[in-house]
1. Out of contact with any Phe, Trp or Tyr (no Cβ under 7 Å at 6 or more places or on another chain) and small (Gly, Ala, Ser), is that true of ALA286?
2. I'd like to check something: does the range 61-76 contain any residue that is in a strand (DSSP E or B), at pLDDT below 85 and either farther than 23 Å from GLN132 by Cβ or acidic (Asp, Glu) (or both)?
3. Taking the range 284-302 only, how many residues are crowded, with 18+ Cβ neighbours inside 10 Å and under 15 Å from ASP327 (Cα atoms)?
4. Any residue at all in the range 83-92 that's touching a helix residue (DSSP H, G or I) at 6+ places or on another chain (Cβ under 8 Å), in a strand (DSSP E or B) and at pLDDT below 95?
5. Quickly run through the range 115-136 and pick out the residues that are at pLDDT below 95, small (Gly, Ala, Ser) and surrounded by fewer than 16 Cβ atoms within 10 Å (Cβ to Cβ).
6. When the residues of the range 137-161 are narrowed to those that are surrounded by fewer than 17 Cβ atoms within 10 Å (Cβ to Cβ) and at pLDDT 95 or above, which ends up farthest from ALA234 (Cα to Cα)?
7. Check GLY350, GLY305 and return the single one that is at pLDDT below 95 and either surrounded by 14 or more Cβ atoms within 10 Å (Cβ to Cβ) or not assigned by TED's automatic domain parsing to the domain that holds THR238 (or both).
8. Within the set of pairs 6 or more residues apart or between chains, which connect a residue that is closer than 16 Å to PHE53 by Cβ inside the range 13-42 to a residue that is in a loop (DSSP other than H, G, I, E, B) and of a type in the set (Asp, Glu) with Cβ atoms less than 6 Å apart?
Amino acid sequence: MRSTGGFHGRRIQKTGGSTFIISLPKNWVVARGLGAGDTLFFTPRADGSLTVFAESGEATETERRIVAVSNDLEVEHLFRRLIAEYIAGYPLLEIRTPGRMSARTREVIRSFAQRMIGPEIIEETAEAVILQDVVGQNPLPIPSVIRRMHQMVRAMQADAMAAFKSRDASFARDVIERDWEVDRLHWFLEKQVTSALRDARILVSLDLSLPECSTYLLASRVLERIADHAVRIAETVTILGKERTPERLVVELDRMAASAESALTDALDSLDSRDIEKANAVVDAAKRITRERDHVLHELTTKRGSLAIGLAYVLESLERAAFYASDLAEIAINRAVESPPRADDAAPVGKLAIERSTA
């Protein structure tokens, strides 16, 4: 045996006429409670390596996460903690408090379970609430999650600008509320990737490589940030109130919004198709939007009060959305270099996933 940098080397031996065997590190076998006669599974990976894992058994205590919280923890802090535990990917979460759990703490846990994909309350006691992930690790392919997020973000962008132009407060509130749908998809994708990093069996079930998981996680983060800026545009409806926006500024901002939306779609298409030329065009488009921003900003210097503040928020959010699309285009370029498209690729990954899921 030879060990280098944490890797254990084993010589391949031949037994019989055509069977090759290697030995396993004793520490690895013992640590996993394995012994003679147990079954191991091997999965070949795209990079030529083999993933080895033991046969699945009963749920272990390591799959059950006990989360100790206090009743006086701030609501927002408790919610953030639960999101972090959810992303960690444990199938069972047991949230416990010292002594009787308060009604406020239970309400936060219920709200969390309702907003996330998967967790359901399966048991409650005086001191604890137990949540179980009922959807499993791979109910929806990651490329399909990205496509769904893109559809929602594009709709939010368009509706936020419509609410801004019409000063429709109810329309604006609808955009703000939809941000939760984008967030929950992003957190779900984070959970899938985190679980795949911890368990090779989950990575196999995702049918993606680790670099691909990283790429889609970065794309998800970009989409989530763009949704936040759509919310910010919708929130300007309250700031602007009945203030009338000069028509020439509305036209300029509307043109920037259309460019930002188009850049996002092109960036996602370039990610799917691994089209470097198209991705570079998105980066160039984002720079053009910056030049347009400078022109509109000059116009805003003549405005005062809530009108100037509200329009400045819209302008900044449109520019940020365009640059996040540019970030996505750069991610697409990196993916194209790391994994060029094959000649026999029939369609982009994301589009294939959607066609299959809607067939």
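1. no
2. The answer is no; no qualifying residue exists.
3. 3
4. Checking the range 83-92: at least one residue is touching a helix residue (DSSP H, G or I) at 6+ places or on another chain (Cβ under 8 Å), in a strand (DSSP E or B) and at pLDDT below 95.
5. GLY136
6. GLN151
7. GLY350
8. Cβ pairs passing all conditions: THR39/GLU55.
The values are calculated or read from the model by the stated rules, or taken from the named source; none is laboratory data. Please read these numbers as outputs of a predicted model, since none were measured by experiment. When we count neighbours, we look across all protein chains shown, and the Cβ atoms used for this are built from the backbone with ideal geometry, even at glycine.
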